[in-house]
Structures are given as structure tokens and as C-alpha cells.
Amino acid sequence: MATTPNRPAPKTNRIGLTVLDYRGGKSTLCAGCGHNAISERIIDAFYEMGIEPEQVAKVSGIGCSSKSPAYFLSRSHSFNAVHGRMPAIATGAAVANHKLVYIGVSGDGDTASIGMGQFAHLMRRNLPMIYIIEDNGVYGLTKGQFSATADLGSKLKSGTVNELPAIDTCALAIELGATFVGRSFSGDKKQLLALLKAAIAHNGTVLLQVISPCVTFNDHEGSTKSYKFMKDHEEPLQDINFVPSFEEIEVEYEPGTAVEIELHDGSKMRLVKLEEDFDPVNRIEALRRLAEAREKQEMLTGLFYVHPEQPSFTDLLRLVDEPLGTLPEERTRPPKRALEEILAEYG
Ligand SMILES: Cc1ncc(C[n+]2csc(CCOP(=O)(O)OP(=O)(O)O)c2C)c(N)n1
Ligand code: SF4
Ligand SMILES: [Mg+2]
């Protein structure tokens, strides 16, 4: 009788789960779509950080990008909201249960057009969540119209030229109050993974704009969001090394070449500067550098701004430790006597 050869035990993370425990359903997006590569990095980040999938809540709006939460972390909580309305759902959920890790996936259309009002208030509140904009410069799901992040002068396949300036969602997020803001490229595995792991360790709003080429409608000559354009033009600000709190590694850097930033959970980001003077804890400098990049048409990536000490929205609400959604009614409703006392004050 044939014997089963001894197979090595599958690799597990610090909580004993395999990478398969972090996967989702099979993607129905086009083969080669940048959004699929981002889902892969999200799986790697949660696996490597050893976060229980049941402790994660995924939210999204509408678009090819917003379908992505179906393709990672199938054991997590999930809500696919109405177009541009993911922030309201995320805010309600985070207040009802501030113990979960929230990750939102949106698109450039979902965020920078119909969802702009909700996006602005989420950034301003510093809600503790990771908000990813999978940015391909077009409305992929509705067949490739320009979005509000399409660069001035970029071309559609039909030859139509975009005559409007792009909204810089990173600059806007910093201006509005987000406390961890960066840009990456779906094809830059190392940088994107480091940013995602650091994002998990941050307490506050993380805005990651990830350039994610749409192979079907925006990957041609004349597009500034194509694979070729990004490969030729990506200019990283730093080499990002993330050291989680549970894995202290000491590395020596040349004096003045690296900055170390400690995040909420004690994890560290070691940023090896590729630009002499750039300091990501300086908000004004970050905004200035982004404005300069727009003037010079540079495709800057990296961590632009981080403020780990700023209290998040749920910190400001001074919530009790247990999630509000799990409390019995007698602890969430004031007793009749308390209401009568309040009403008596107006009598
Ligand atoms: C209220 C409403 N208006 C318009 C639409 C049509 N619509 C669906 S997805 C979408 C844009 C998606 O673009 P983006 O967020 O960039 O996602 P992508 O498909 O490019 O990933 C639009 C306009 C809709 N579904 N609902
Ligand atoms: S249409 Fe574009 S954005 Fe949508 S799945 Fe296909 S490649 Fe991705
Ligand atoms: Mg899009």
C-alpha cells in the first residue's frame, strides 16, 4: 500500500494561523488588475502582523476596487456600502465596536467624486481605520471614464485628453486631519507591504493612495496611471522598514540617513531617507513637498506624514472599554429618573 510522504507542516504566524486563513474568495476582477495585487499585500500584512481575522472589519463603497474586500480575509466582518458612503458606515461601526481593526477599500471615483463629502469628514475626525484608495484614474466598473484624480493632460484610449487638474487625495487628507498619509504603487510589493503593516499599528486615520493600473481601460500610452508610466516614474521618498513590536530587530544606520518613528503599539518605522531634508512628522513640509511634486509632475511615493500621538475619534469620545454594541440596554439608556432630572432643568 502506498504511504503518504511526510509533508512539512505549513508555515504559521505568531497566532498559529497559516496564510490561507487570511485569504478570501476567488477574484472576479480582470487578470492583471492592480487591485488584485493590493488584495495580496493586505493578506500578507494581516498574516505577518498576526491579527485574528475575526478582529477585522472590512468596509467599501462601489466600484471594481470596492469589490476587493470579497477577495481577502473571508473570516472578517464585512459591509459593502452604497457608492461613496463607506465613511458613514465605518464611523458607525467603529463607535459601536472600537476593538476591531477597520480597513476600508475605495476607488478614486468612489472617494474623490460622489464620496468627497463623507471622505472629508472621516479624515477630519481621525477615525481609527485604514482607508485605501485604489487609484487607477478612471471609473473602471462603468467602463473607464476619467475620474477626479486623473492627471491634467492624460489621455483615454479613445484619445480624449483630460483638461481638468487632478485632486491630490494625499494632500487633501493631510490638510483635513488624517494622521498617517502615504502613496504607493500596486507593483511595489516591498513598499506597499511595509506601509500596510505600519498602518495596522497606527491609531488614527490612515490614508493610503495606491496607484493601481486598470489594465482594461487605462494602461495605454498617454496614461499616467499605467504600469509602464509608474515603473518609469515612481520616485520613493524613503526606503521603509517596518519593525513590529513583537519582533525587536536592531539595525545600524549611518548617522543622519534614517529616521525612526514609534507607532501606537510600540512598533517602529525606520525610514531610510532618499531625500536629505524630508521629515514626515512635519505637516507643513509634507504639504509643501506634495505641492512641489505636483508642479514638477513627479510621481512621489512613500510616507508623507505621520502623527502617532494625535488622539483618534474614538479616544476623544472617551468610550467605556467594552464595545458599546455589546452592552445591555440598562447600561446604554439613562434611567427614567435621570431623564426626568434633565427635563426638570428646562421646566
Ligand atoms: C449612486 C450611484 N451613482 C453612480 C453609480 C455608478 N458607478 C458605479 S462604480 C462607479 C465609479 C467607480 O470608480 P472607482 O471608485 O474609481 O472604482 P474602480 O472601478 O475604478 O475601481 C460609478 C460612477 C452607482 N453605482 N451609484
Ligand atoms: S475594469 Fe479595470 S479596474 Fe475593473 S477589474 Fe478590470 S482592470 Fe480592474
Ligand atoms: Mg478607479
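Within the stretch 218-229, how many residues turn out to be more than 16 Å from ligand 1 (Cβ to nearest atom) and crowded, with 20+ Cβ neighbours inside 10 Å?
The initial filter retains those residues of the stretch 218-229 that are more than 16 Å from ligand 1 (Cβ to nearest atom), namely 221-222, 228-229.
Applying the additional criterion that residues be crowded, with 20+ Cβ neighbours inside 10 Å yields 229.
Selection size over the stretch 218-229: 1.
Suppose we filter 157, 143 for residues that are within 16 Å of ligand 2 (Cβ to nearest atom) and at pLDDT below 95; which single one remains?
Working: 143 fails: at pLDDT below 95.
On inspection, the qualifying residue turns out to be 157.
Which ones in the stretch 308-346 are part of a helix (DSSP H, G or I) and of a type in the set (Val, Ile, Thr)?
Let us first name the residues in the stretch 308-346 that are part of a helix (DSSP H, G or I), namely 313-316, 324-326, 329-332, 336-345.
Selection gives 314, 326, 332, 342.
Step by step: first the residues of the stretch 51-73, then only those that are more than 21 Å from residue 88 (Cβ to Cβ) and open to solvent by less than 10 Å² (accessible area, probe 1.4 Å), then the one that is farthest from ligand 2 (Cβ to nearest atom). Which residue is that?
If we filter the stretch 51-73 for residues that are more than 21 Å from residue 88 (Cβ to Cβ), which is where we start, we get 51-55, 64, 71-73.
Narrowing the set further to residues that are open to solvent by less than 10 Å² (accessible area, probe 1.4 Å) leaves 53, 72-73.
Numbers: 53: 24, 72: 15, 73: 19 Å.
Checking each candidate, the answer is 53.
Report the residue count in the stretch 244-271 for those that are surrounded by 15 or more Cβ atoms within 10 Å (Cβ to Cβ) and assigned to a strand (DSSP E or B).
7
Check whether at least one residue in the stretch 204-221 is under 25 Å from residue 271 (Cα atoms), of a type in the set (Val, Ile, Thr), within 16 Å of ligand 3 (Cβ to nearest atom) and part of a helix (DSSP H, G or I), and report yes or no. I'd like the intermediate steps shown before the answer.
Filtering the stretch 204-221 down to residues under 25 Å from residue 271 (Cα atoms) leaves 204-212.
The next check asks that each one be of a type in the set (Val, Ile, Thr); those that pass are 205-206, 210-211.
Adding the requirement that they be within 16 Å of ligand 3 (Cβ to nearest atom) leaves 210-211.
Those still in the list that are part of a helix (DSSP H, G or I) too: none.
No - not one qualifying residue is present in the stretch 204-221.
Test of understanding: among 26, 67, 11, which residue is more than 25 Å from residue 269 (Cα to Cα) and free of Cβ contacts under 8 Å to residues at least 12 places away in the same chain? Quick ask: steps written out before the conclusion?
Details: 26 fails: free of Cβ contacts under 8 Å to residues at least 12 places away in the same chain; 67 fails: free of Cβ contacts under 8 Å to residues at least 12 places away in the same chain.
Being more than 25 Å from residue 269 (Cα to Cα) and free of Cβ contacts under 8 Å to residues at least 12 places away in the same chain holds for just one of 26, 67, 11, which is 11.
Within the group 181, 210, which residue is open to solvent by less than 10 Å² (accessible area, probe 1.4 Å) and under 21 Å from residue 83 (Cα atoms)?
Values: 181 fails: under 21 Å from residue 83 (Cα atoms).
None of the others qualify; the one that does is 210.
Does the stretch 161-173 contain any residue that is open to solvent by less than 60 Å² (accessible area, probe 1.4 Å), on the phi > 0 side of the Ramachandran plot and away from ligand 2 (no atom under 16 Å from the Cβ)?
Checking the stretch 161-173: not a single residue is open to solvent by less than 60 Å² (accessible area, probe 1.4 Å), on the phi > 0 side of the Ramachandran plot and away from ligand 2 (no atom under 16 Å from the Cβ).
Name the residue that is surrounded by the fewest Cβ atoms within 10 Å (Cβ to Cβ), counting only residues in the stretch 138-153 that are more than 19 Å from residue 291 (Cα to Cα) and of a type in the set (Gly, Ala, Ser). Can you show your working first?
Applying the first criterion (more than 19 Å from residue 291 (Cα to Cα)) to the stretch 138-153 yields 138-147.
If we keep only those that are of a type in the set (Gly, Ala, Ser) as well, we get 140, 144, 147.
Values: 140: 29, 144: 18, 147: 25.
Among those residues, the one meeting the criterion is 144.
Applying the selection to the stretch 103-137, what residues are open to solvent by less than 10 Å² (accessible area, probe 1.4 Å) and more than 16 Å from ligand 2 (Cβ to nearest atom)?
Matches in the stretch 103-137: 103, 104, 115, 119, 122, 123, 126, 127, 129, 130, 131.
Failed condition for residue 81, given (1) touching a Gly at 6+ places or on another chain (Cβ under 6 Å); (2) within 27 Å of residue 244 (Cβ to Cβ), with all others met?
Against the list (1) touching a Gly at 6+ places or on another chain (Cβ under 6 Å); (2) within 27 Å of residue 244 (Cβ to Cβ), residue 81 comes up short only on (2).
Which of the following residues is within 22 Å of residue 46 (Cβ to Cβ) and either in contact with an Asp or Glu (Cβ under 9 Å, 6 or more places away or on another chain) or within 16 Å of ligand 3 (Cβ to nearest atom) (or both): 147, 78, 106?
On the way: 147 fails: within 22 Å of residue 46 (Cβ to Cβ); 78 fails: either in contact with an Asp or Glu (Cβ under 9 Å, 6 or more places away or on another chain) or within 16 Å of ligand 3 (Cβ to nearest atom) (or both).
106 is the lone residue from the list that is within 22 Å of residue 46 (Cβ to Cβ) and either in contact with an Asp or Glu (Cβ under 9 Å, 6 or more places away or on another chain) or within 16 Å of ligand 3 (Cβ to nearest atom) (or both).
Among the residues of the stretch 89-100, are any more than 19 Å from residue 318 (Cα to Cα) and crowded, with 22+ Cβ neighbours inside 10 Å? Outline the logic, then answer.
As a first pass, look at the stretch 89-100 and keep what is more than 19 Å from residue 318 (Cα to Cα): 89.
Going one step further and asking which of them are crowded, with 22+ Cβ neighbours inside 10 Å, we end up with none.
Scanning the stretch 89-100 turns up no residue that is more than 19 Å from residue 318 (Cα to Cα) and crowded, with 22+ Cβ neighbours inside 10 Å.
Scan 181, 215, 243, 206 and give me the residue that is within 16 Å of ligand 1 (Cβ to nearest atom), in contact (Cβ under 8 Å) with a residue 24 or more places away in the chain and not hydroxyl-bearing (Ser, Thr, Tyr). Explain how you work it out, then say what you get.
Details: 181 fails: within 16 Å of ligand 1 (Cβ to nearest atom); 243 fails: within 16 Å of ligand 1 (Cβ to nearest atom); 206 fails: within 16 Å of ligand 1 (Cβ to nearest atom).
Residue meeting the stated conditions: 215.
Just to verify a result, which residue in the stretch 116-137, among those that are among the aliphatic types (A, V, I, L, M) and not in a strand (DSSP E or B), is farthest from ligand 1 (Cβ to nearest atom)? Walk me through it before giving the result.
If we filter the stretch 116-137 for residues that are among the aliphatic types (A, V, I, L, M), which is where we start, we get 116, 120, 122-123, 127, 129-130, 132-133.
Checking the rest, the ones that are also not in a strand (DSSP E or B) come to 116, 120, 122-123, 127.
Numbers: 116: 12, 120: 16, 122: 16, 123: 17, 127: 20 Å.
Here the residue is 127.
The values are calculated or read from the model by the stated rules, or taken from the named source; none is laboratory data. Note that the coordinates shown come from a computational prediction; the quantities given were computed from them, not determined experimentally. Note that we place each Cβ from the backbone using ideal geometry, even for glycine, and neighbour counts take in every protein chain shown. Areas reflect the complete protein model, heavy atoms only, side chains present, ligands, DNA and RNA absent. Shrake-Rupley method; radii C 1.70, N 1.55, O 1.52, S 1.80 Å.
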